[in-house]
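Novice: This is the structure I have questions about; it appears just below.
The values are calculated or read from the model by the stated rules, or taken from the named source; none is laboratory data. Since the structure is predicted, the reported quantities are computational estimates derived from the model, not experimental observations. Cβ sites come from the backbone with ideal geometry, for glycine too, and all protein chains shown count toward neighbours.
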2 protein chains.
Amino acid sequence: MAFIGWIAAALTTFSFLPQAIKTVKEKNTSGISLGMYSMFTAGVFLWMVYGFIIGDIPLMLSNIVTFLFASIVLTMKLKYK
Amino acid sequence: MAFIGWIAAALTTFSFLPQAIKTVKEKNTSGISLGMYSMFTAGVFLWMVYGFIIGDIPLMLSNIVTFLFASIVLTMKLKYK
């Protein structure tokens, strides 16, 4: 049943790509919550660590990429309040 | 090392709470990506299923709540384009 983990990983990981692209392009961060992206980026980092500890590949890989995309949105939010 | 999973779960889960509150309150969804929340909500649902299959409690519980909060943001985005 690992394929469900891979589909879940693909969806949640790549969902942050259109958000990152939109935010970089439009620089419109007024509707985006700073609290959310601060907590989320920290949380995704810990999921990455947790995936590594329990040896779960989909959990690990997806959170590395999600961390990257979420960091972009967080950086834009901090820059264009 | 399960506590790392629990902290990760708490952070990523509750990160969507300030976003849901902000979006419900301000109805400002112009900076929020519809593509992101469509993919993300579907993905979180599958993470929930995957957590159930592999018997991972933090993965399962956190995604139930994240699904709820993400659904609120998605509904607001669909309502206030």
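Novice: Tally the residues that are hydroxyl-bearing (Ser, Thr, Tyr) and modelled with pLDDT of 95 or more, restricting the search to the stretch B:32-64.
Specialist: Of all residues in the stretch B:32-64, those hydroxyl-bearing (Ser, Thr, Tyr) come to B:33, B:37-38, B:41, B:50, B:62.
From what's left, modelled with pLDDT of 95 or more: B:33, B:37-38, B:41.
So the count comes out to 4.
Novice: Given the criterion closer than 28 Å to B:Asn28 by Cβ and at pLDDT below 95, identify the matching residue among A:Thr29, A:Thr12.
Specialist: On the way: A:Thr29 fails: at pLDDT below 95.
None of the other options fit; the residue is A:Thr12.
Novice: May I pose another question? Could you list all residues from the stretch B:1-60 that are of a type in the set (Lys, Arg) and buried (at least 16 other Cβ atoms within 10 Å of the Cβ)?
Specialist: Going through the stretch B:1-60, the residues of a type in the set (Lys, Arg) turn out to be B:22, B:25, B:27.
If the condition is that a residue be of a type in the set (Lys, Arg) and buried (at least 16 other Cβ atoms within 10 Å of the Cβ), then B:Lys22 is the only one that fits.
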